[in-house]
Amino acid sequence: TIGGGQVERQSELLALSLLKEQRSQIQHFALTQAGADSLGMACGGDVTVLFQFIPWDDAAWRSLTAAAVQALRENRPGWLVLRTDGGEPALLDASGAAVTGQAPAGPLSARAVLADDCFYVPLPVGERAVIFGAGHIARALVPLLRTINFRPVVFDDRPEYADPAAFPEAEAVLCGDFRDIAATIDVTPEDYVIIMTSGHLHDLEAEEQMLRRETAYVGVIGSRSKIAYVSQRLREAGISEEAIASVHTPIGTAIRAETPEEIAVSIAGELIYVRAIRRDAAGQKGV
């Protein structure tokens, strides 16, 4: 989809025509009620659409798509470079080096950029969300996170709960010791951490370890009395007030969620918001 309405309808018609002609094209649409390229729409603004013709038997495209799929499977980001004249595309790795094809050095960022005669499209692998606790909320949350481009990893100390069959959409399901999380998984500064284990003790163990390292987000489920208890224990363990204040708890957006499915939606909403704030701070608007 490119927004629906007349832009999408006119794009569909043009795409059919370009398929017959076997060529690519850039088309501009003005979302105004007047002008040469106007669609008679009153919402304002402009839309530029690149139509890329891909011959089914083209060796360059076959090589590029195979390499791109493999990179995404291995969580290696990169960029797809399309030439506006329909020329040979290129695939770049995370450093900007060409994997297939050739492309001029361009403005590589986390958003799509049209520069000169090339369109640079990022191939993001999605942020990793590490979920401590494989209970009923995790089961509702994992498939939802996949739909919003997070890569969920589930961690639990109970083998019967850390069952990959119960989380088919998860990137990984791990069974480990909450007292020594690093022995099983390396949590990175880019990871989003969700803590909702089977008990207060495991929540405390996981939270203390996560607050001793840098992460993108830490959210913990719990009542206000539990939060006060855990926060005091964290202070006694030497965790700073700044680190404790950074925790999102009670986890999720305030939508009065009650069921596991509703709580999953509230957590997903908060992750979307925090991710957007981080991208804005890094100058990555429009991803």
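The values are calculated or read from the model by the stated rules, or taken from the named source; none is laboratory data. Since the model is a prediction, treat every value here as computed from it, not as a measurement. Methodologically, a virtual Cβ is constructed for each residue, glycine included, from the backbone with ideal geometry; neighbour enumeration extends over all protein chains shown. When the accessible area is computed, the model is the full protein with side chains, heavy atoms only, and any ligands, DNA or RNA have been set aside. Shrake-Rupley method; radii C 1.70, N 1.55, O 1.52, S 1.80 Å.
All distinct Cα pairs of the stretch 187-261 go into the 1/r average, and the inverse of that average, the Kirkwood radius, is 12.7 Å. Counting only protein heavy atoms and using a 1.4 Å probe, the accessible area of residue 79 comes to about 40 Å².
A simple spin-label model places pseudo-atoms 7 Å from Cα toward Cβ; at residue 84 and residue 63 they are separated by 2.6 nm. Relative to the current alpha-carbon distance between residue 229 and residue 201, full extension at 0.36 nm per residue lengthens the span by 9.0 nm.
Shown in residue order for the stretch 16-22 are the 3J(HN,Hα) couplings computed by the Karplus curve 6.51 cos²θ - 1.76 cosθ + 1.60 at θ = phi - 60°: 4, 5, 5, 4, 5, 8, 6 Hz (x for Gly and Pro).
For the stretch 57-172, pairs of C-alpha atoms spaced more than 19 angstrom apart make up 55 percent of the total. Distance between the 7 Å Cα→Cβ label points at residue 94 and residue 240: 2.7 nm. The phi torsions of the stretch 198-209, fed into the Karplus equation with coefficients 6.51, -1.76 and 1.60 and a -60° offset, translate into couplings of 7, x, 4, 4, 5, 4, 5, 4, 5, 5, 4, 5 Hz, rounded to whole numbers, with Gly and Pro shown as x. Maximal additional length on extending the residue 280-residue 121 stretch stands at 55.4 nm, based on 0.36 nm per residue less the C-alpha distance. Amide H contacts for residue 248 (H built 1.01 Å from N in the peptide plane; partners 5 or more residues away or on another chain; cut-off under 5 Å): 218, 219, 220.
Helical runs (DSSP H, four residues minimum) scored at -39500 (n - 2.57) apiece and divided by the length of the chain put the mean residue ellipticity at 222 nm at -10500 deg cm²/dmol. Based on C-alpha pairs under 8 angstrom that are at least 6 apart in sequence, the chain has a relative contact order of 11 percent. Across 114, 174, the residue with the most accessible area heads the list, and the full order at a 1.4 Å probe is 114, 174. Under 18 Å from a label point 7 Å along Cα→Cβ of residue 136: give me every residue in the stretch 169-203 with its amide N that close. The answer is 196-200, whose backbone nitrogens lie closer than 18 Å to the label point. Taking the chain as a Gaussian network, where each spring joins two C-alpha atoms under 10 Å apart, which residue of 265, 69, 220 fluctuates the most? The residue that fluctuates most here is 69.
Using C-alpha pairs under 8 Å with a sequence gap of at least 6, the mean separation divided by the residue count of the stretch 128-215 gives a relative contact order of 32 percent. With the whole protein complex present, residue 21 retains an accessible surface near 90 Å², based on a 1.4 Å probe. Counting Lys and Arg as +1 and Asp and Glu as -1 over every other residue whose Cβ lies under 9 Å from the Cβ of residue 189, the net charge comes to -2.
The amide H of residue 78, built 1.01 Å from its N in the peptide plane, has 123 as neighbours under 5 Å, considering only residues 5 or more places off or on other chains. So how far, in whole Å, is the C-alpha centre of the stretch 120-189 from the one of the stretch 191-237? When both Cα centres are located, 17 Å separates them.
Shown in residue order for the stretch 270-279 are the 3J(HN,Hα) couplings computed by the Karplus curve 6.51 cos²θ - 1.76 cosθ + 1.60 at θ = phi - 60°: 5, 5, 4, 5, 5, 4, 5, 4, 5, 5 Hz (x for Gly and Pro). Only beta bridges with both residues in the chain are counted; by DSSP, about 50 percent of them are antiparallel.
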